[in-house]
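Heads up: the structure comes next, in structure tokens.
The values are calculated or read from the model by the stated rules, or taken from the named source; none is laboratory data. Since the model is a prediction, treat every value here as computed from it, not as a measurement. Because the Cβ atoms are built from the backbone with ideal geometry, glycine has one as well, and the counts that use them run over all protein chains shown.
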Amino acid sequence: MSKARKALAEAREIKNPELDLVDKGIHSFEELPGLFNMLNITRLTLSHNRIKDIPPSIAYLVNLEILTLFNNQIEELPVSISSLPKLRILNVGMNRLDSLPRGFGALPVLEVLDLTYNNLNENSLPGNFFMLETLRALYLGDNDFEVLPPEIGQLKNLQILVLRENDLIDVPKEIGELTRLRELHIQANRLTVLPPEIGNLDLVGSKSILKMDFNPWVTPIADQLQVGISHVIDYIRSETYRYLYNRHISTRGPPPPKVNDKSRKISRIKQQG
Amino acid sequence: MNERKPDDSPLPPSELLSLDHSQLYMRRKLTSSDSNLSVYNFDLLSDENPHIPEDNAPLQGSFSSIVDTYNNLEYTPNSITVDMSQKTCSHCKDGFSNEKIVNTNGELWHTQCFVCAQCFRPFPEGIYYEFEGRKYCEHDFQVLFAPYCGKCGEFVIGRVIKAMNANWHPKCFCCEMCNKQLADYGFIRNQGRALCHDCNAQVKAVGLGKHVCHKCHGVIDEKPLRFRGEVYHAYHFNCTACGTELKSDAREVKSRPGLLANDVNELYCLRCHDKMGIPICGACRRPIEERVVTALGKHWHVEHFVCAKCEKPFLGHRHYEKKGLAYCETHYHQLFGNLCFVCNQVIQVDVFTALNKAWCVHHFACSICDQKLNQKTKFYECDEKPVCKKCNDKFPAEFKRRLRKAHQYTPQRAPV
Ligand SMILES: [Zn+2]
Ligand SMILES: [Zn+2]
Ligand SMILES: [Zn+2]
Ligand SMILES: [Zn+2]
Ligand SMILES: [Zn+2]
Ligand SMILES: [Zn+2]
Ligand SMILES: [Zn+2]
Ligand SMILES: [Zn+2]
């Protein structure tokens, strides 16, 4: 009996609604017979396996609240995933996604979405993505976004937004509408300026985080950043900066080149035929 | 007393039977002294001026002539000797031979002549009615002359009430609101209805927007006392505690909260009510007679116990207290933090705080493999989320290199 089957049988026996199948060498859900009949499951963790496909039957697990698929080889998610009525936390980090399925934004109670370390960009998001009103944390680090759609402003409950190591050349001013945002990670992109609206947010309090290193900032921002994040925000809130920002936007040339080398990312490996 | 009927037991001519009399119409029985008389007694009740008829009031209408006749009846002794040869039948004027003779009130009849003027049959049970000198059986008399009741439609024998353009049995002429018999009290016509004085006063008072006491039916001029769903004059009640007569400021106390029926409610004077310790709402300062919420060392109306931030009532939902104020879950978190990053619930007991976040004991775990962590477990950080050593080790080399680079570069944050 495989390690996976053993773990599955054990969980069934003790009626454990939280199923841990981490690092069990699983290639396919076919190695987990009966899993989709275990309707009592609230958490399913399949990190560090070699799964390529998520079957549509995943939607049978109607009590699923937490689904963790970190570090597999998933290239796409089934459309049916958006019908999981109780899914609150979805972690598909470190996979090979280059798009999200149609209708994904219909997930009714999704709170935490981790898409770290995939191959996603602004064209990978389905039309209703920003309908995910319940979202409080969105992890998009290590992807390929050059632009963040202005609809980001619709995610009113967002408290955490991670865009570390993408290819962003701009942050939309609508980010200033995310009044509950207290963590913003935009380090290692191609950003030169930030919209003054970001000054509306509380990103420098004792309960806030703003990470913005490794960007080709305009000199005044880079100078303030040397002294500290709070100085950057103070500066962004000033009239001087507003003037500089407007002039910069109207006169700026081509965006800075991409500098992140992503060729060695394991998410880039493509399945053969 | 022996009772005989004219047709079955022959009567000696010498025995003249007596009749009782009345000043009014008589229903007669031919037999012995009849204690079973019915009387027609017309009361003419006028609506505008309620008329209380006196006993033996004179009759009205066409029947009065009969009354006259019988008002003059003489009492005839039971036994009297009469010379039969000179007597004639009151009906056919012939003399009598040796036969049964009927004697009524001094008049003599052949048995076959003593019959109903209408149907020519003997009077059943000897009962007859007399009108304008003729005698009728009960049936024909009623058909020809008796009034019928405007309510039940039956003939009215005995006392007749004439009112509202109709005749009534006394028991049938009633107040249309309270059903009290009106014959002896008079009545008032109110929009085509006959009402007693009280009900008429009520109708008038309600029309003027006044309350009517549920106990005495009188109009309440001052502020009414509400009690068990009705209104009353306050002076009908006494305080449950001290017994003083109540004023309209008395309080009705729902003595068993939550019960639907209010027939267990009690009344207290204002002073006793205040002394009883009825809880006072911490928000509106008014007594709480329904459900009481006790929190923050005070009592509250359910709808007045609200979040200090958004002012929405908790209505039984969980609230959180901080510095003497109560908050809803959302605002408690917004103001004071400590929502678990995983379950998003307020953390009640033990809190893990790290990486600008908080976790409840059950949910502090590696963000990648969901393995539980505790205070002693060493963990790594990635995007400000906890990562266990095993997971960190499994990161691809190029990713680890980048993480390391980022950590080296990040300026040390001043400890908060
Ligand atoms: Zn009647
Ligand atoms: Zn009445
Ligand atoms: Zn009264
Ligand atoms: Zn009292
Ligand atoms: Zn109140
Ligand atoms: Zn509130
Ligand atoms: Zn929790
Ligand atoms: Zn882990």
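For B:Q371, are the conditions met, namely being within 24 Å of A:L90 (Cβ to Cβ), within 11 Å of another protein chain (Cβ to nearest Cβ) and not hydroxyl-bearing (S, T, Y)?
On the way: within 24 Å of A:L90 (Cβ to Cβ): yes; within 11 Å of another protein chain (Cβ to nearest Cβ): yes; not hydroxyl-bearing (S, T, Y): yes.
Considered against the rule, which asks whether it is within 24 Å of A:L90 (Cβ to Cβ), within 11 Å of another protein chain (Cβ to nearest Cβ) and not hydroxyl-bearing (S, T, Y), B:Q371 comes out as yes.
Give, as residue ranges, the strands (runs of 3 or more DSSP E) completely inside region A:139-246 that count at least 1 residues that are in contact with a Gly (Cβ under 8 Å, 6 or more places away or on another chain), of a type in the set (V, I, T) and modelled with pLDDT of 95 or more. Working first, answer last.
On the way: elements: A:160-162, A:183-185, A:209-211.
By residue number, A:160-162.
Here is a check on your reading of the model: is B:E321 farther than 28 Å from A:S47 by Cα, within 14 Å of ligand 7 (Cβ to nearest atom), in contact (Cβ under 8 Å) with a residue 12 or more places away in the chain and surrounded by fewer than 18 Cβ atoms within 10 Å (Cβ to Cβ)? Explain how you work it out, then say what you get.
Details: farther than 28 Å from A:S47 by Cα: yes; within 14 Å of ligand 7 (Cβ to nearest atom): no; in contact (Cβ under 8 Å) with a residue 12 or more places away in the chain: yes; surrounded by fewer than 18 Cβ atoms within 10 Å (Cβ to Cβ): yes.
Considered against the rule, which asks whether it is farther than 28 Å from A:S47 by Cα, within 14 Å of ligand 7 (Cβ to nearest atom), in contact (Cβ under 8 Å) with a residue 12 or more places away in the chain and surrounded by fewer than 18 Cβ atoms within 10 Å (Cβ to Cβ), B:E321 comes out as no.
Restricting to region B:220-237, and then to whatever is out of contact with any strand residue (DSSP E or B) (no Cβ under 6 Å at 6 or more places or on another chain) and part of a strand (DSSP E or B), can you tell me which residue is surrounded by the fewest Cβ atoms within 10 Å (Cβ to Cβ)?
Applying the first criterion (out of contact with any strand residue (DSSP E or B) (no Cβ under 6 Å at 6 or more places or on another chain)) to region B:220-237 yields B:221-223, B:226, B:228-230, B:236.
From the residues that got through so far, the ones that are part of a strand (DSSP E or B) too are B:226, B:230.
On the way: B:R226: 16, B:E230: 13.
Among those residues, the one meeting the criterion is B:E230.
Could you tell me whether region A:2-21 includes any residue that is of a type in the set (D, E), without any contact (Cβ under 8 Å) to a residue 40 or more places away in the chain, on the phi > 0 side of the Ramachandran plot and surrounded by 14 or more Cβ atoms within 10 Å (Cβ to Cβ)?
Within region A:2-21 (the criterion being of a type in the set (D, E), without any contact (Cβ under 8 Å) to a residue 40 or more places away in the chain, on the phi > 0 side of the Ramachandran plot and surrounded by 14 or more Cβ atoms within 10 Å (Cβ to Cβ)), the answer is no, since none of the residues qualifies.
Among the residues of region A:153-169, write down those that are closer than 20 Å to A:Y117 by Cα and away from every other protein chain (no Cβ under 14 Å).
Listed by number, the residues that qualify are A:D167, A:L168, A:I169.
In region B:87-132, what residues are free of Cβ contacts under 8 Å to residues at least 12 places away in the same chain and in a loop (DSSP other than H, G, I, E, B)?
Passing the criteria: B:K93, B:S97, B:N98, B:F120.
Any residue in region A:109-131 that is free of Cβ contacts under 8 Å to residues at least 24 places away in the same chain sitting within a Cβ distance under 9 Å of a residue that is among the aromatic types (F, W, Y) and surrounded by fewer than 21 Cβ atoms within 10 Å (Cβ to Cβ)? List the pairs, counting only those 6 or more apart or interchain.
Within 9 Å, no pair qualifies.
Name the single residue that is nearest to B:R251 (Cα to Cα) among those in region B:290-322 being acidic (D, E) and within 38 Å of the chain's Cα centre (by Cα). Explain how you work it out, then say what you get.
Quick first cut of region B:290-322, residues acidic (D, E) only: B:290, B:303, B:311, B:321.
Imposing the further condition that a residue be within 38 Å of the chain's Cα centre (by Cα) reduces the set to B:290, B:303.
Details: B:E290: 14, B:E303: 21 Å.
Out of the qualifying residues, it is B:E290.
Does B:L335 satisfy the condition of being of a type in the set (A, V, I, L, M) and facing chain A (nearest Cβ under 10 Å)? Can you show your working first?
Working: of a type in the set (A, V, I, L, M): yes; facing chain A (nearest Cβ under 10 Å): no.
It is false that B:L335 is of a type in the set (A, V, I, L, M) and facing chain A (nearest Cβ under 10 Å).
Based on this model, can you work out whether B:G209 counts as more than 16 Å from ligand 2 (Cβ to nearest atom) and under 30 Å from B:Y129 (Cα atoms)? It would help to see each step written out before you state the result.
Numbers: more than 16 Å from ligand 2 (Cβ to nearest atom): yes; under 30 Å from B:Y129 (Cα atoms): no.
Spelling it out, it is not the case that B:G209 is more than 16 Å from ligand 2 (Cβ to nearest atom) and under 30 Å from B:Y129 (Cα atoms).
Suppose the filter is within 14 Å of chain B (Cβ to nearest Cβ), within 19 Å of the chain's Cα centre (by Cα) and not hydrophobic (A, V, I, L, M, F, W, C); does A:N189 pass it?
Working: within 14 Å of chain B (Cβ to nearest Cβ): yes; within 19 Å of the chain's Cα centre (by Cα): yes; not hydrophobic (A, V, I, L, M, F, W, C): yes.
Here the answer is yes, as A:N189 does meet what is asked.
Scanning region A:65-87 for residues that are more than 13 Å from chain B (Cβ to nearest Cβ) and among the aliphatic types (A, V, I, L, M), which turns out surrounded by the most Cβ atoms within 10 Å (Cβ to Cβ)?
Looking at the filtered set, the residue picked out is A:L87.
So A:P126 ticks every box in (1) farther than 27 Å from A:I249 by Cα; (2) surrounded by fewer than 17 Cβ atoms within 10 Å (Cβ to Cβ) but one. Which box is left unticked?
For A:P126, the failing item is (2).
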